[in-house]
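Beneath this line is the structure, given in structure tokens, with notes to follow.
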Amino acid sequence: MSAATPASQRSLAEHFVEVRQQEEARTIGMWVYLGTEILLFGGIFGAWAVYRYQHGEAWREAAHHMDLWLGAINTAVLLLSSLTMALAVHAAHALQKKWTLLFVLATVSLGTLFLGIKAYEYMQEIHHGLAPFAAPIPVRQAFTPATELYMNLYFAATGLHAFHLISAIALLGGFILWILKSGLSADRAATLEILGLFWHLVDVVWIILYPMLYLTR
Amino acid sequence: MAHQEFHPFLKSYLKTGAALFVLLGATVGASFLPLGGFALPVAAAIAFVKVYIVMWVFMHVRKESKLVWVFSAGAFLWLAVLFVLTMADYVTRAEIPKDEWKTDSHAAEKALQ
């Protein structure tokens, strides 16, 4: 745990001996959940590895159709949001309400910006007939089974990631309302730390998805 | 108390953020180089360094107990198991010729001899 908030300011649930034990239990609990998330995306990473091995040339060709620069901008946006998230958690442990709200708001804004850029990218891809499920029949016939597989995996992977980001934005939005309504406390800083872990995980997944889908040309 | 404590952390977080941006630039730049078969390992290596930095600094794993280290590394251990066992299957399939497999029930044994 970040050591900024004294343990004496925390409330202790009755089944724990001390605050440190309580904090460790909830951190481990969160990491167990994050482990299941990593393995959920792991199924997609694994599928990618198998198909890339089987259809190397076709998949490299398909990756050329991805907008590398939009992906790079979005990666930068999420990396920046992880920085503001870490700063928000730190400000919260120092009980600086104004800075906490500001950094959480910045994080939520960057997350929303990511989704906006992603939506624009999806629209571009649909417009250029790159989405197998949305392409008109004549365009669709231009897909080989391998490239269609690539595009479907792309939409499944980035769609699942976007769904996680929407959840994370909703959680942080709820946190902002909570703090505005009834103030910041040491316990709430500890809650933000856990929410922050989820936010960073969404960033971690994108850090893997970006080179996988855009750069392995 | 807050102000004196806030600034050193700000510096270390900003440095971490800067490192992540440099690595993003590196991975984009590397994708334009004619690396051939090394393109994939290079992209994967940079991604793993980025993931490690985010987990170690932003997710505070460096400050946690050894038990949390085990749990956070555990997810990636299982991921490695998933990759190694799956790929071990696909990479070795070609050793058994497809047609023989259909017509000759001892093809697998022959291929392994």
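Throughout, read-outs are computed from the coordinates displayed, never taken from laboratory work. What you see is a predicted model, and the numbers here were worked out from it, not measured in a lab. Every residue, glycine among them, receives a Cβ derived from its backbone with ideal geometry; neighbour counts consider all protein chains shown.
Figures for the structure shown
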| read-out | value |
| --- | --- |
| Residues A:TYR210, A:TYR150, B:TYR13, A:TYR33 arranged by fewest to most Cβ contacts within 10 Å | A:TYR33, B:TYR13, A:TYR210, A:TYR150 |
| Helical segments meeting 20 Å axial Cα length and Kyte-Doolittle -1.0 threshold in chain A (DSSP H) | A:19-54, A:68-93, A:97-127, A:145-182, A:186-210 |
| Residue order, fewest to most beta carbons within 10 Å, for B:VAL84, A:VAL202 | B:VAL84, A:VAL202 |
| Between the range A:26-70 and the range A:78-113, the Cα center-to-center distance that results, in Å | 27 Å |
| Packing-based exposure ordering (other Cβ within 10 Å, fewest first) of B:THR86, A:THR84 | B:THR86, A:THR84 |
| Karplus 3J(HN,Hα) series, Hz, for the range B:56-67 with 6.51 cos²θ - 1.76 cosθ + 1.60 (x for Gly, Pro) | 5, 9, 5, 8, 6, 4, 4, 9, 8, 6, 4, 5 |
| Isotropically averaged projected area of the protein assembly as shown, using the convex hull of Cα atoms (one quarter of hull area), nm² | 21.5 nm² |
| Exposed-site-free run, longest, chain A (rule: GluC sites (Glu not before Pro); DSSP loop; at most 12 other C-beta within 10 Å) | A:19-217 |
